[in-house]
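Read-outs throughout are calculated quantities, based only on the coordinates presented, and are distinct from any laboratory measurement. All figures in this text were calculated on a predicted structure; none of them were measured in a lab. Note that we place each Cβ from the backbone using ideal geometry, even for glycine, and neighbour counts take in every protein chain shown.
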Amino acid sequence: CEGRLELSTITCNAVVTACGRGRQWEQALQLLSSMPRREVVPDVVTYCATMKACEIAQQWRRTLALLGELRLQALKPDFLTFAAALSACAKGDRWAQALDSLA
């Protein structure tokens, strides 16, 4: 081992989660958007962690945009992705958008 961490979906998910916990939502978004260039495929966990980072930062529009992007990537939203979207909308007092996200 040369002291380098192999770039994979799992390592990216860990970094995105750390970004969210550190309130670095913009860095989480940057990493998500850079993954395809690096030949790393984001999964539902990647999107959920990025959505959670945006939700913590009260970025409800970005959270909902990520939910839409997740669906466009043919990934199936799970309970945690919907919870992040609903929580972000609640923090932004955007109940109509919260209901729309469930459709």
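Taking neighbour Cβ counts within 10 Å as the exposure measure, how do Val44, Val16 sort from fewest upward?
Ranking Val44, Val16 by Cβ neighbours within 10 Å, fewest first, gives Val44, Val16.
With contacts defined as alpha carbon pairs under 8 Å and 6 or more residues apart, what's the relative contact order of segment 9-101 in percent?
RCO, segment 9-101: 25 percent.
On the principal axes of its Cα set, how long, how wide and how thick is segment 9-101? Give whole Å, largest value first.
Its Cα atoms span 37, 29, 19 Å along the three principal axes.
Which of the GluC sites (Glu not before Pro) found in segment 37-73 are loop residues per DSSP with 13 or fewer other Cβ atoms within 10 Å of their Cβ?
Glu39
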